[in-house]
Amino acid sequence: MLKKRELHEVPVLFELSSHPDVYPYVRHKAKTSDEFYFLTKQLLEQEDFGTLISRTIIDEFEQPIGTINLYDIENNSGFLATWIGKPYFGKGYNKLAKEAFFEELFFLSTIETIFIKIRKSNARSLRAIAKLNYVQYANTLYPDVYNNINKEEEVYDLFVITKENYSSYVQFAQVGEREEAEVVS
């Protein structure tokens, strides 16, 4: 589902990110394939410095379909940015990619808090995040962060995922799966 970013994926990812339904929501925008190569190389360097974690989202055939990143990492927290190509909308890849990424961040790294900012006008992303039980609406929980992301004008809603909430979600999901397996047996 996820793999480390590699430069050879750039042509496919550039094509997917260029679609008009995707491009406005891509954090690291590129107008040309060469520019996308340059941005990807910068992301790989930032990961080496520990200020970013970036993964390629792949489908069941191991083809790149989008990216997921934790950027502005500071004090064991960072901001999530993810996008998936239009042909893969509505097929469950987003949720699977996020859960795989959260497993890595919370259980294999020192990350404690993941912030997500979503444009108030991005109805698709707002609907998607509402389905995630471990996410909290955070405009009032983290007023300094909320004000910082909306310095110029109030464009974004803020959401947060804490290691504690995500760990509880995983624990209860596993208990539910065991109970369901026992009922079926």
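The values are calculated or read from the model by the stated rules, or taken from the named source; none is laboratory data. Predicted model, so just to flag it, every value in this text is computed and none were measured. Reconstructed Cβ throughout: ideal geometry from the backbone, glycine too, with neighbour counts over all protein chains shown. Side chains are part of the model used for accessible areas, which takes the heavy atoms of the whole protein and leaves out ligands, DNA and RNA. Shrake-Rupley method; radii C 1.70, N 1.55, O 1.52, S 1.80 Å.
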Only Cα pairs within less than 10 Å get springs; with that Gaussian network setup on the chain, which residue of Leu44, Leu96, Leu52 has the largest fluctuation?
Leu96
Quick check: residue separation of Ala130 and Lys4 times 0.36 nm, minus the Cα distance between them. What number comes out in nm?
42.6 nm
Please give the length that would be gained between Glu152 and Asn122 if that part of the chain were fully extended, namely 0.36 nm times their separation in residues minus their C-alpha to C-alpha distance (nm, one decimal).
9.0 nm
Heavy-atom accessible area per residue - segment 13-84, 1.4 Å, Å²:
52 Å²
Choice from Ser77, Ser54, Ser168 showing the highest fluctuation, given a GNM over the chain with Cα pairs closer than 10 Å:
Ser168
Around Leu2 (Cβ within 15 Å, Cβ-to-Cβ, excluding Leu2; K/R +1, D/E -1) the net charge comes to -3
Top mean-square fluctuation among Ser109, Ser33, Ser18, Gaussian network model of the chain, C-alpha springs under 10 Å?
Ser109
What does the net charge come to around Glu112 if you take all other residues with beta carbon closer than 10 Å to its beta carbon, with K and R at +1 and D and E at -1?
0
How do Glu9, Glu104 stack up against each other in accessible area, from largest to smallest, with a 1.4 angstrom probe?
Glu104, Glu9
Using the Karplus equation 6.51 cos²θ - 1.76 cosθ + 1.60 (θ = phi - 60°), what ³J(HN,Hα) coupling, rounded to whole Hz, does each residue of segment 131-142 give in order, writing x for Gly and Pro?
7, 8, 5, 8, 9, 10, 5, 10, 4, 9, 5, 10
Determine the equivalent ellipsoid of the chain by diagonalising the alpha-carbon gyration tensor, then write out the semi-axes as square roots of 5 times the eigenvalues, largest first, rounded to whole Å.
26, 22, 17
Counted charge near Glu99, where neighbours are those whose Cβ lies closer than 13 Å (Asp, Glu -1; Lys, Arg +1):
+2
